[in-house]
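The values are calculated or read from the model by the stated rules, or taken from the named source; none is laboratory data. Values in this document were obtained by computation on a predicted structure and should not be read as measured data. A quick note on method: Cβ atoms are made from the backbone with ideal geometry, for glycine too, and the neighbour counts reach across all protein chains shown. Ligands, DNA and RNA are stripped out before the accessible areas are found, and what is left, the full protein with its side chains, is counted by its heavy atoms. Shrake-Rupley method; radii C 1.70, N 1.55, O 1.52, S 1.80 Å.
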Amino acid sequence: MTLSATCEWQFSSERGRANYDAARRRYPAQAIVDLAALRDNMRRLVGMVGGPASGTAVMGVVKADAYGHGLIPSALAALAGGATWLGTAQSHEALLLRKAGIGSERCHILTWVYNGTAVPFDELIANDIDVSVGSLSGIDGVAEAARRLGKTARVHVKVDSGFGRNGFTPAGFDAALAKLVPLAREGVLHVVGQWSHLAVADAPDVPEFVASTDRQIECFKDFTRRMESAGIAPEIRHLANTAATLSRPEIHFELTRPGIGLYGYEADPAMGAPATYGLKPAMTLQAQLGTVKDVEAGHGVSYGRTYLTPSDTSTAIVPIGYADGIHRSASGFDMEGAKHVIKDGGPVRVMTAEGPRLYRVSGRVCMDQFILDLHGSAAELGVHEGDTVELFGPGRGEDYAEPTADDWGRAADTISYEIFTCLRNRIPRLYEHASDVLSAEDLAKLDPASML
Ligand SMILES: *Cc1c(COP(=O)(O)O)cnc(C)c1O
């Protein structure tokens, strides 16, 4: 019998169980997303801004395939949790949302990253998608498309309040206003919003960063005043990402834009654990073990011999690697290995005869696999080829020895965001609780093979 280190999945039907079995035959790893957790996280975020009647709306940021969780299912779960806006960086993804049948009567959609000379503004405007303008050529591009279509474009003016990425700088803003004001008067553009992004809102413990966020807020307000005196006061101001939604109620304004919080994580582990904020990580990444075998002490493990087994032991193959998005920087080294340093690899929860145990990537992560030193005999531990192991999950506390994407972020010297978004789509995405969260009409928008 093979063991599983993940929780018991709740299948909605026999079909769900069959989908699960089919996904396991198709690929030796699965990313399972709990749509109820996504919905509940959004409810929680809506609650944090004061509820649906507070005057502050919440945008579910679903860029990058909803941080790797799957664009359409995640967007629908966010709407089920009370989001009234969706946001994507790439216009392509904004269009996919509308094409999936998420209409303008249901939510606003904002898209922001673009090259003002080559974005499909006409398609965006025709599909009632709000666009960000943060450059003069961007304003020209939107205005031309709106004139061509004979339809007013809804725009959000992006200002650079100190992030140093997109948007008009204070010095460049008069030129922007000179273009925007006549276009707004003429009805070519409707200036819906003013917005900006924060650089260090996730470090409430570092006074220098708190001060720089304060400066960004002051700068943001100056921009608002300049828009007001130019006669194009923004209806909606938005500045808060997850970190500021959780920790800076004074800048919730009319809309907040949480991304990582929707997926159940805080922006930085320095802010505390997800549970501190009532958030639940929605994705579990599991895999089925390949070869399990006994090796002697001093056996080199993987490329570069950066890990040598300290004693007679068993090893197990986890059959996904950096081509699946398992960071090579999450490799694990030991003192005996060629680097002569101890570096903890990414954590993996393995079910043994005595209960769950946390192991670490041993040696280099390869393209399609990595290896675990089981620190003991697999036969005695009851670990077998085909067992399901868990790379990360909701983080069910100490007793469960369950890693989270934050733990992988630490092991790979990155952040949870990159852990999810790097997961390739060759790993099947499966959805738990889809039929509990979504209406029949929304369920029909999902790939039927993806539902548990
Ligand atoms: C990604 C992004 C967000 C969401 O950030 P989180 O830290 O995930 O909450 C909000 N606004 C903009 C402009 C973004 O690019």
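Calculate what fraction, in whole %, of the accessible area of the chain sits on carbon and sulfur atoms when a 1.4 Å probe is rolled over the protein chains.
51
Other residues within the sphere of radius under 13 Å centred on the Cβ of residue 27, judged by their own Cβ, net out at +3 (K and R +1, D and E -1). Rounded to the nearest whole Hz, the Karplus-based 3J(HN,Hα) values (6.51 cos²θ - 1.76 cosθ + 1.60, θ = phi - 60°) of the range 240-257 follow the sequence 8, 7, 4, 4, 6, 4, 7, 10, 9, x, 5, 10, 6, 6, 8, 7, 10, 10, with x at glycine and proline. Please give the helix 173-186 orientation as an angle from the longest Cα principal axis of the chain, in degrees from 0 to 90, rounded to the nearest 10. It is inclined by approximately 70 degrees. For the peptides 61-68, 178-185, 441-448, the ranking by mean Cβ contacts within 10 Å, running from highest to lowest, is 61-68, 178-185, 441-448. For the range 34-271, how big is the tail of P(r) above 31 Å, as a whole percent of Cα pairs? More than 31 Å apart: 19 percent of the Cα pairs in the range 34-271.
With all distinct Cα pairs included, what does the Kirkwood hydrodynamic radius of the chain come out to in Å, to one decimal, could you say?
It works out to 23.5 Å.
Over 23 Å apart at the Cα level, from the set 63/445; 151/179; 63/158; 63/99; 63/221, are 63/221. Close amide H partners of residue 363, meaning residues 5 or more places away or on another chain with modelled amide H under 5 Å apart, are 332, 333.
With N set to the number of residues, divide the alpha-carbon radius of gyration of the range 317-452 by 2.2 N^0.38 Å and report two decimals.
Against the compact-globule rule of thumb, the ratio is 1.19.
Other residues whose C-beta falls under 13 angstrom from the C-beta of residue 331 contribute a net charge of +2, scoring Lys and Arg +1 and Asp and Glu -1. Heavy atoms of the protein chains alone define the surface here; on that basis the chain has 40 Å² accessible area per residue at 1.4 Å probe size. Dividing the summed -39500 (n - 2.57) terms of all DSSP H runs of n ≥ 4 by the residue count of the chain sets its mean residue ellipticity at 222 nm at -9000 deg cm²/dmol. Amide H contacts of residue 352 (H built 1.01 Å from N, in plane; Pro and chain starts excluded): 357 sit under 5 Å, all sequence-distant by 5 or more or on other chains.
Amide hydrogen proximity for residue 157: with H placed 1.01 Å from N in the peptide plane, the residues at 5 or more positions away or on another chain lying under 5 Å are 133, 193, 194, 195.
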